[in-house]
Amino acid sequence: MTFETPQAVGIRPGTVFIDDRGDVAQLHGVGIQRFGDRFYAWGEDKSAGSTFTAVACYSSTDLARWRFEGRSLVAGSGDLGADRVVERPKVLRRPDGRYVMLLHVDTTDYAFARVGYAVADDPVGPFRYVGSERPLGNVSRDIGVYQEDGVGYLLSEDREQGLQIYRLASDYLSAEALVATTLKDDRAHGYESPALVRHDGTYYLFGSDLTGWSTNDNKVSTATDLRGPWSPWQDIAPPGSATFDSQVSTVVPIGEGARSSFVYVGDRWNQDDLANSPAVWLPLEISGGRASIEWVDEWRLEVPEA
């Protein structure tokens, strides 16, 4: 799962990444996609605290060394005002080659609860903000995205109903249909901070319990169809470890076939110093309907050719 080379730079879970400028990379609540031979990452810039400053864009060939590409989206007015909360930037490339960024857009009391959309001609941007919605009228907080056969999907935390999976419209700028709703096994509510991947014909849906800044035992549910049925939720890390004191942000597929592997990308939020919140990124084993991470102090990734 972890392919080492002498040239590779180690990933050290529980630390921050330092970018090519010598600054702490603002890879918080991050979304990651691989385009060509580089991974692009869009993170919450927390240099001004919890309210919106910018979405910072970085790129890397190995998920360890990060080059600052610029600010893809910056504070302005309205939904993107400096008094707003803008979280979980996730980007998809549409079949027409344009890039769409989806965001959790909110007020500081988390009552606005909408998903925002922005578009750009390249992955760095700048992205042009289009607007926000409550998907099909439902509240939306933490989000994730998924794409398959040119179709885009929005994963959205709706604590009134559960973790929702929506199919996006063809331009990826609105939710078109509700595909599935998943709940905790006790049916109290759904999970937040969702991520979704597919491997060997099975979908793996990851989420975190609703405990604010505090971490918890993150879970995974599986299905062979996005519409379900979805399996009972299972731990992805040793029970009681609070997922090694982290919250899932996304899961990154690495390679295919015999070299298939995945990376768990998590945040260890420091509420008093969000800009320096450590990253907890670990190899993720997925097989036979189960997904798990184990702690390693340092690991390296060799990426197969795209």
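The values are calculated or read from the model by the stated rules, or taken from the named source; none is laboratory data. Quick caveat, the model's predicted, so the values are computed rather than measured. Methodologically, a virtual Cβ is constructed for each residue, glycine included, from the backbone with ideal geometry; neighbour enumeration extends over all protein chains shown.
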Subject >> Filtered residues of the stretch 84-109 (kept if exposed (fewer than 13 other Cβ atoms within 10 Å of the Cβ) and touching a strand residue (DSSP E or B) at 6+ places or on another chain (Cβ under 7 Å)) >> reply: T108
Subject >> Cross-chain or 6+ apart pairs with Cβ under 9 Å, the stretch 118-145 first and closer than 28 Å to W66 by Cα and free of Cβ contacts under 8 Å to residues at least 40 places away in the same chain, then buried (at least 17 other Cβ atoms within 10 Å of the Cβ) and among the β-branched types (V, I, T) >> reply: R128/V119
Subject >> Residues of the stretch 189-201 classified as surrounded by fewer than 18 Cβ atoms within 10 Å (Cβ to Cβ), under 22 Å from D217 (Cα atoms) and touching a residue at least 40 places away in the same chain (Cβ under 8 Å), total >> reply: 1
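Restricting to the stretch 108-124, give me the number of residues that are more than 20 Å from G78 (Cα to Cα) and in contact with a Gly (Cβ under 9 Å, 6 or more places away or on another chain). Can you show your working first?
Taking the stretch 108-124 as the starting set, the residues that turn out to be more than 20 Å from G78 (Cα to Cα) are 121-124.
Within this subset, residues satisfying the condition of being in contact with a Gly (Cβ under 9 Å, 6 or more places away or on another chain) are 121, 124.
Residues meeting the conditions: 2.
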Original post:
What are the residues in the stretch 1-34 that are modelled with pLDDT under 95 and surrounded by fewer than 18 Cβ atoms within 10 Å (Cβ to Cβ), if any?
Top reply: M1, T2, F3, E4, T5, P6, Q7, V9, G10
**OP:** Taking the residues in the stretch 68-83 that are more than 22 Å from V280 (Cβ to Cβ), in contact with a strand residue (DSSP E or B) (Cβ under 7 Å, 6 or more places away or on another chain) and not hydroxyl-bearing (S, T, Y) as candidates, determine which candidate is surrounded by the most Cβ atoms within 10 Å (Cβ to Cβ).
**Re:** L73
